[in-house]
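Read through the structure below, which is laid out as structure tokens, and then see the notes.
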């Protein structure tokens, strides 16, 4: 006897140990949307979701799924991502005979959940386990890329690992009644809670597309500066345009940064993960944010290191900044402009940090301190560039 959940419905049945999950679903539950092709786990036609992870049902024993959640293509009729994929498959002519389509849709859905960008190579690799005899894959790849791109532009962020929280074969030991107990759980320190489970926005690791470095010096010892960096609210008060939207913790903060560039106004709402190392006086801030109005999203990483100067009386703050930007703002935010604007922002932050350390509130009225005005930044940028040009001319 096994007890499992199939398409959100509790199922109890008696099965022979040799019965494969695909046969159990098709013959026992009349769920024939799961197709059988090679029956060797090669063609991918039988792919379904086992505990929300794609799995080959033709090489999975039904008895091994005791206590697990099984979702077939029939169970995804009302799934938002699958609805978008079905429309894209129709629009891009991504199906012909349709035999591979149920498994193809489930694998494609996993890619839409996981991939941060619609990279064609990664999509082709991700779909390489699903064989299609008809289409040549071109329309399929176009459809998957389109859905990923549209969702990221709407500010829907990827889920790291597709939500996987344990090592081992898909479905083994994840069910409430499963008897398998030798599945190694992922280290708690590295496992981020899923946004849909905790109500909080997950902050995944990522590889930045652009990098640059900067530094500034404050007239206070490194230990004092490091202690100040541990007060999230005070640090946010030093950053022009930043405000907190939730109660911060030493390891996490949620907030907003308002940016105005000419006629474009964006409110990037997001969250940041904070890591600190007292021994090396260094740390990392990893953040994500999105603006629904401009359909832009960003991911950023700031690494800092505090170096004593002036015999320990002052601190040089060395910064390494990486970022990725998507959406409408990415079309106007060229790399050189971002670097120069970030330099101006760093200078403002350094000045406000100095004032905070001395017990003085950051510059300017509250309304101005909370808004990062692109016009004022651009004026400062033009002034800086003009000064550089003049220096080169005079140098010659």
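General observations
- Filtering 62, 68 for residues that are out of contact with any helix residue (DSSP H, G or I) (no Cβ under 8 Å at 6 or more places or on another chain) and buried (at least 20 other Cβ atoms within 10 Å of the Cβ) leaves a single hit, 68.
- In the set (1) within 34 Å of the chain's Cα centre (by Cα); (2) at pLDDT 95 or above; (3) not in a loop (DSSP other than H, G, I, E, B), the condition left unmet by residue 33 is number (3).
- Given (1) within 24 Å of residue 147 (Cα to Cα); (2) touching a strand residue (DSSP E or B) at 6+ places or on another chain (Cβ under 7 Å); (3) part of a loop (DSSP other than H, G, I, E, B), index of the condition residue 103 fails: (3)
- Subset of the range 29-52 [without any contact (Cβ under 8 Å) to a residue 24 or more places away in the chain and either in contact with a strand residue (DSSP E or B) (Cβ under 6 Å, 6 or more places away or on another chain) or surrounded by 21 or more Cβ atoms within 10 Å (Cβ to Cβ) (or both)]: 41
- Every residue from the range 64-85 that is assigned to a helix (DSSP H, G or I) and either under 24 Å from the mean Cα position of the chain (by Cα) or under 20 Å from residue 30 (Cβ atoms) (or both): 65, 73, 74, 75, 76, 80, 81, 82, 83, 84, 85
- Flag if residue 357 is modelled with pLDDT under 65, assigned by TED's automatic domain parsing to the domain that holds residue 243 and touching a helix residue (DSSP H, G or I) at 6+ places or on another chain (Cβ under 8 Å): no
- The residues of the range 115-137 that are crowded, with 18+ Cβ neighbours inside 10 Å and not in a loop (DSSP other than H, G, I, E, B), listed by number, are 123, 126.
- Criterion: surrounded by 13 or more Cβ atoms within 10 Å (Cβ to Cβ) and modelled with pLDDT of 65 or more - qualifying residue of 287, 364, 374: 287
- From 26, 18, residue being in a helix (DSSP H, G or I), outside the structural domain of residue 97 (by TED's automatic domain parsing) and on the phi < 0 side of the Ramachandran plot: 26
- Condition check for residue 24: over 17 Å from residue 127 (Cα atoms) and touching a helix residue (DSSP H, G or I) at 6+ places or on another chain (Cβ under 6 Å): yes
- Residue check, residue 24 buried (at least 17 other Cβ atoms within 10 Å of the Cβ), without any contact (Cβ under 8 Å) to a residue 60 or more places away in the chain and farther than 19 Å from residue 130 by Cβ: yes
The rows are residues; the columns are (1) in contact with a helix residue (DSSP H, G or I) (Cβ under 7 Å, 6 or more places away or on another chain); (2) surrounded by 14 or more Cβ atoms within 10 Å (Cβ to Cβ); (3) at pLDDT below 75; (4) part of a strand (DSSP E or B).
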position: 189; (1), (2), (3), (4): no, no, yes, no
position: 202; (1), (2), (3), (4): yes, yes, yes, no
position: 213; (1), (2), (3), (4): no, no, no, yes
position: 217; (1), (2), (3), (4): no, yes, no, yes
position: 228; (1), (2), (3), (4): yes, yes, no, no
position: 236; (1), (2), (3), (4): no, yes, no, no
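- Of the listed requirements (1) assigned by TED's automatic domain parsing to the domain that holds residue 3; (2) surrounded by fewer than 19 Cβ atoms within 10 Å (Cβ to Cβ), residue 83 misses just one: (1).
- Condition broken by residue 260, with the remaining ones in (1) farther than 16 Å from residue 304 by Cβ; (2) touching a helix residue (DSSP H, G or I) at 6+ places or on another chain (Cβ under 6 Å); (3) modelled with pLDDT of 85 or more satisfied: (3)
- For the range 213-231, the count of residues that are over 28 Å from residue 310 (Cα atoms) and assigned by TED's automatic domain parsing to the domain that holds residue 299 is zero.
- Every residue from the range 95-106 that is surrounded by 20 or more Cβ atoms within 10 Å (Cβ to Cβ) and at pLDDT 95 or above: 100, 101, 102, 103, 104, 105, 106
The values are calculated or read from the model by the stated rules, or taken from the named source; none is laboratory data. All of these numbers come straight from a predicted model, not from anything done at the bench. Reconstructed Cβ throughout: ideal geometry from the backbone, glycine too, with neighbour counts over all protein chains shown.
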